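Novice: Structure provided below as structure tokens; questions to follow.
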Amino acid sequence: MATIHQLKAERKTLHGHFSMDLAPVLTIASGDTVVCDTLDAGWGLEPYVGGAYQPRREFEGRDPELDGGHAMTGPIAIEGAKAGQTLVIEIRELTVGAWGFCLAGGWKSDHNDLLKVTNEGIVHAWELDAKRNIGRNHLGYSVTLKPFLGVLGMPPAEPGIHSTTPPRATGGNLDCKDLVVGSTLYLPIAVDGGLLSVGDGHAAQGHGEISGTAIECPMARVELKISVIDNMPLSEPIAKTPDAWITMAFDTDLTVATYAAMEAMFDFIQEQYGVSRLDAIALASVTVDMHVTQAVNRVRGAHASLPHGAIR
């Protein structure tokens, strides 16, 4: 019988980098469920005040090198998981905390340079109502919440410390707003055990994550069923959401990422419907939507979306 594991965000489970050398804090069997919580991406322990940026209380004792990225809970090892297999993550519950924030401008990045907001910034402070699924910011504006985890991923096979900022084939900072409750994410496993880490709660975000942040928030409860399969070899993440099948790709060049996501979708349509590549391209042209997943994390992300039932 599958087991339900509890994992709390605390010093021994929190880290801000990916590495194949990180020891797992929990080992589960394929098919088990993990229930955990997460800090917000910036390791915050309290909300920001809206308006001009002001420091706030953050998690103490962070290692400047090992904890420099998103606050992630894990890693979680899966018994018997081997490089070359596929990790299956069923997203069963996501409950946001009571507050969140969105930053715009105020730090050095190529994205902010293009927006011409490197030297000035602002904080939107949000109060989140998980029961009513509404967020309200300090200016009085409200949005409907659509929670998801910005970071779901495993380390690459290369040794050393890897930043949490850019997404990779093995997942990480995907920032795909479609990965809501009811979605299943498929990731290629690069290291034995998998070593899954999760974090970067988002209460709401638009495709592209235009300011560089979503409504960043802690997650009060995350429930994931985690399995390993052999019959779905992957080179990039694929997801099945309540609305569609999604293929993802990443590159420093958005054009390259876009065409890679297209190619992954062509492969998917060929396999699912038994058609040629040219037929898949023609079918995709009348059914598939292309999206910029995110444009702010050193690499650009694109994804192709095929609605369920679009091809019958």
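Every read-out reported here was derived from the displayed coordinates using simple, explicitly stated rules and does not represent laboratory data. Predicted, not measured: the structure shown is a model, and the values here were computed from it. With ideal geometry, Cβ positions are generated from the backbone for all residues, glycine too; neighbour counts draw on all protein chains shown.
One line per residue, one yes/no per condition, for (1) among the β-branched types (Val, Ile, Thr); (2) within 15 Å of the chain's Cα centre (by Cα):
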| residue | (1), (2) |
| --- | --- |
| Asp200 | no, yes |
| Ala204 | no, yes |
| Ile210 | yes, no |
| Asp230 | no, no |
| Asp267 | no, no |
| Gln270 | no, no |
| Gly274 | no, no |
| Leu278 | no, no |
| Ala295 | no, yes |
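Novice: Please work out if Gly206 is small (Gly, Ala, Ser) and surrounded by fewer than 17 Cβ atoms within 10 Å (Cβ to Cβ). Talk me through it step by step, then tell me what you get.
Specialist: On the way: small (Gly, Ala, Ser): yes; surrounded by fewer than 17 Cβ atoms within 10 Å (Cβ to Cβ): yes.
Criteria met by Gly206.
Novice: Mind checking which residues of segment 217-238 are closer than 22 Å to Lys82 by Cβ and buried (at least 16 other Cβ atoms within 10 Å of the Cβ)? Let's see the steps before the verdict.
Specialist: Narrowing segment 217-238 to residues closer than 22 Å to Lys82 by Cβ: 224-238.
Within segment 217-238, Leu224, Lys225, Ile226, Ser227, Val228, Leu234, Glu236, Pro237, Ile238 qualify.
Novice: Same structure, new question: What are the residue pairs meeting all of these: first residue in segment 236-262, first residue farther than 18 Å from Gly182 by Cβ, second residue surrounded by fewer than 20 Cβ atoms within 10 Å (Cβ to Cβ) and acidic (Asp, Glu), Cβ atoms under 7 Å, and 6 or more apart or on different chains?
Specialist: Close Cβ pairs satisfying both conditions: Ala257/Asp251; Ala260/Asp251.
Novice: Sort out which residues of segment 288-304 are crowded, with 21+ Cβ neighbours inside 10 Å and out of contact with any Lys or Arg (no Cβ under 9 Å at 6 or more places or on another chain), and write them in order of number. Don't jump to the end; show me each part of the working.
Specialist: Taking segment 288-304 and keeping what is crowded, with 21+ Cβ neighbours inside 10 Å, we get 288, 293-294, 296-297, 300-304.
Correct list: Val288, Val296, Asn297, Arg300, Gly301, Ala302, His303, Ala304.
Novice: Output yes when any residue across segment 269-278 is touching a residue at least 12 places away in the same chain (Cβ under 8 Å), hydroxyl-bearing (Ser, Thr, Tyr) and under 28 Å from Cys36 (Cα atoms), and no when none is.
Specialist: No, segment 269-278 contains no residue that is touching a residue at least 12 places away in the same chain (Cβ under 8 Å), hydroxyl-bearing (Ser, Thr, Tyr) and under 28 Å from Cys36 (Cα atoms).
Novice: Which of the residues belonging to segment 99-130 are under 28 Å from Thr184 (Cβ atoms) and outside any strand (DSSP E or B)?
Specialist: Within segment 99-130, Ala130 is the sole residue that qualifies.
Novice: I need a count of the residues in segment 1-22 that are in contact (Cβ under 8 Å) with a residue 24 or more places away in the chain and either in contact with a Cys (Cβ under 6 Å, 6 or more places away or on another chain) or part of a loop (DSSP other than H, G, I, E, B) (or both). Let's see the steps before the verdict.
Specialist: Taking segment 1-22 and keeping what is in contact (Cβ under 8 Å) with a residue 24 or more places away in the chain, we get 2-9, 11, 13-22.
Narrowing the set further to residues that are either in contact with a Cys (Cβ under 6 Å, 6 or more places away or on another chain) or part of a loop (DSSP other than H, G, I, E, B) (or both) leaves 2-3, 7-9, 11, 13, 16-17, 19-22.
The total comes to 13.
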